[in-house]
Amino acid sequence: MNKEEIKILAIESSCDETAASVVRNGREVLSNVISSQIELHKLYGGVVPEIASRKHIEKINQVIQEALDEAGMTLQDMDAIGVTYGPGLVGALLVGVAEAKAIAYAAKKPLVGVHHIEGHIAANYIEHLDLEPPYLCLVVSGGHTHLVMVEDYDKFKILGRTRDDAAGEAFDKVARAIGLGYPGGPKIDKLAREGNADAIPFPKAKVADSPYDFSFSGLKSAVLNYINKANMQKQEINRADLAASFQKAVVDVLVEHAMLAAKDYHVEKVALAGGVASNSALRRGMKEACEKQGYTLCYPSPIFCTDNAAMIGVAAYYEYCNGTRHGWDLNAVPNLKLGERK
């Protein structure tokens, strides 16, 4: 790999954001365009896959052109095309994969498929230029809660994962139950700032046979039971206290498990990734815990925590440098496991 500059056009369409980005040398973001569908899906209280897929089809060409224009480049200036091919909503993924294959074929560029979670982890490289593996990463999003040992840029060992609901999923469900609507994470975070986090003692689940695994369905049920009981007894619910107490129960477990794994695996660096990584209580909790234990903590800016193509471009760069190339048979894999190659 003698070439001084590697420029990658990256495409992300795994859920409800249509995104494209141009990334240079895996660390420098030359453009980052995101077309969000949140306002559309708010009407339904969550992402409707069929609507998401149709919207991606409408927006994808425009978003890619915008990303190239913002970077001041053309397709011919690119060295490869990177795209998310899993996990995610199958219809949404297919739009991005088909687009990337068409562009790569027409422009005669290599195609590099990227794992969505690998992208979230790689988002940390954008602003933390000195961050290099190995380190521990806590990935927290709407669909995933993983504790991952990042052994190399493309080598991951999953230490723990959720046994049921992902943390972000629990946020959305609780937000819906207390009438906050979608998306739940940012709304609970905002409301929790006005509440007392110690007002309601919600349970913190431990998975007996695996100290690094997570379980949030019991906590979600406890919150719903609390709401039902209060409604039956015609008691007023302090929504701010409920949001703060619920958030504390989630954050405490995430931080405890991350610190346990960091200690057991003798790491010096810990990173946060995924949509919920922009949660202020989680950032604060992780920062305090890492300072206490003497670990270096990294996390991306909020714009790189939510789904975006810049993180996919970063991950694609490292995959490209390691020789990853995909053929025209690349397909969407909605339940793709981290570290799995298809």
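The values are calculated or read from the model by the stated rules, or taken from the named source; none is laboratory data. Being a predicted model, the structure only gives us computed values, none of them experimental. We place every Cβ from the backbone using ideal geometry, glycine too, and count neighbours over all the protein chains shown.
When restricted to residues that are among the β-branched types (Val, Ile, Thr) and either part of a helix (DSSP H, G or I) or surrounded by fewer than 22 Cβ atoms within 10 Å (Cβ to Cβ) (or both), region 83-122 contains 6.
With the requirement that a residue be among the polar types (S, T, N, Q) and farther than 27 Å from Pro49 by Cα, what does region 1-30 give you?
Asn2, Asn25
Please indicate, with yes or no, whether at least one residue in region 25-34 is in contact with a strand residue (DSSP E or B) (Cβ under 7 Å, 6 or more places away or on another chain), at pLDDT 95 or above and acidic (Asp, Glu). No, the conditions are met nowhere in region 25-34. Of all residues in region 287-323, those being aromatic (Phe, Trp, Tyr), within 26 Å of Lys263 (Cα to Cα) and not in a loop (DSSP other than H, G, I, E, B) number 0.
For region 56-79, indicate whether the set of residues that are touching a residue at least 12 places away in the same chain (Cβ under 8 Å), over 24 Å from Val29 (Cα atoms) and in the same structural domain as Val23 (by TED's automatic domain parsing) is non-empty. Yes, there is a match, as at least one residue in region 56-79 is touching a residue at least 12 places away in the same chain (Cβ under 8 Å), over 24 Å from Val29 (Cα atoms) and in the same structural domain as Val23 (by TED's automatic domain parsing). Hey, does region 143-157 have a residue that's more than 19 Å from Met311 (Cα to Cα), touching a strand residue (DSSP E or B) at 6+ places or on another chain (Cβ under 8 Å) and either in the same structural domain as Met259 (by TED's automatic domain parsing) or crowded, with 21+ Cβ neighbours inside 10 Å (or both)? Yes; the residues of region 143-157 include at least one that is more than 19 Å from Met311 (Cα to Cα), touching a strand residue (DSSP E or B) at 6+ places or on another chain (Cβ under 8 Å) and either in the same structural domain as Met259 (by TED's automatic domain parsing) or crowded, with 21+ Cβ neighbours inside 10 Å (or both).
Exactly one residue out of Ala102, Ala80 is closer than 27 Å to Ala273 by Cβ, out of contact with any Cys (no Cβ under 6 Å at 6 or more places or on another chain) and not charged (D, E, K, R): that is Ala80.
When Leu336, Leu330 are checked against the criterion of being in contact with a His (Cβ under 7 Å, 6 or more places away or on another chain) and in a loop (DSSP other than H, G, I, E, B), a single residue qualifies: Leu336.
Among the residues of region 263-272, some residue qualifies, meaning at least one is in a helix (DSSP H, G or I) and modelled with pLDDT of 95 or more. Among the residues making up region 80-102, those that are small (Gly, Ala, Ser) and either without any contact (Cβ under 8 Å) to a residue 24 or more places away in the chain or closer than 15 Å to Ile312 by Cα (or both) are Ala80, Gly82, Gly86, Gly88, Gly96, Ala98, Ala100, Ala102. Take the conditions in the same structural domain as Ser31 (by TED's automatic domain parsing), in contact with a Lys or Arg (Cβ under 9 Å, 6 or more places away or on another chain) and surrounded by 14 or more Cβ atoms within 10 Å (Cβ to Cβ) and apply them to Val314. Does it pass? Answer is yes for this residue.
Restricting the search to helices (runs of 4 or more DSSP H) fully inside region 137-249 and requiring at least 3 residues that are charged (D, E, K, R) gives 167-177, 184-192. Residue count for region 224-258 under the criterion of being of a type outside the set (Lys, Arg) and buried (at least 20 other Cβ atoms within 10 Å of the Cβ): the result is 14.
Could you tell me whether Ser31 is within 24 Å of His56 (Cβ to Cβ), in contact with a Leu (Cβ under 6 Å, 6 or more places away or on another chain) and in contact (Cβ under 8 Å) with a residue 24 or more places away in the chain? No: the conditions fail for Ser31.
Regarding Val63, is this residue over 22 Å from His326 (Cα atoms) and either among the aromatic types (Phe, Trp, Tyr) or assigned to a helix (DSSP H, G or I) (or both)? Here the answer is yes, as Val63 does meet what is asked. Do we find a residue being under 12 Å from Val174 (Cβ atoms), of a type outside the set (Ser, Thr, Tyr), in the same structural domain as Ala170 (by TED's automatic domain parsing) and free of Cβ contacts under 8 Å to residues at least 60 places away in the same chain anywhere in region 226-235? Within region 226-235 (the criterion being under 12 Å from Val174 (Cβ atoms), of a type outside the set (Ser, Thr, Tyr), in the same structural domain as Ala170 (by TED's automatic domain parsing) and free of Cβ contacts under 8 Å to residues at least 60 places away in the same chain), the answer is yes, since at least one residue qualifies.
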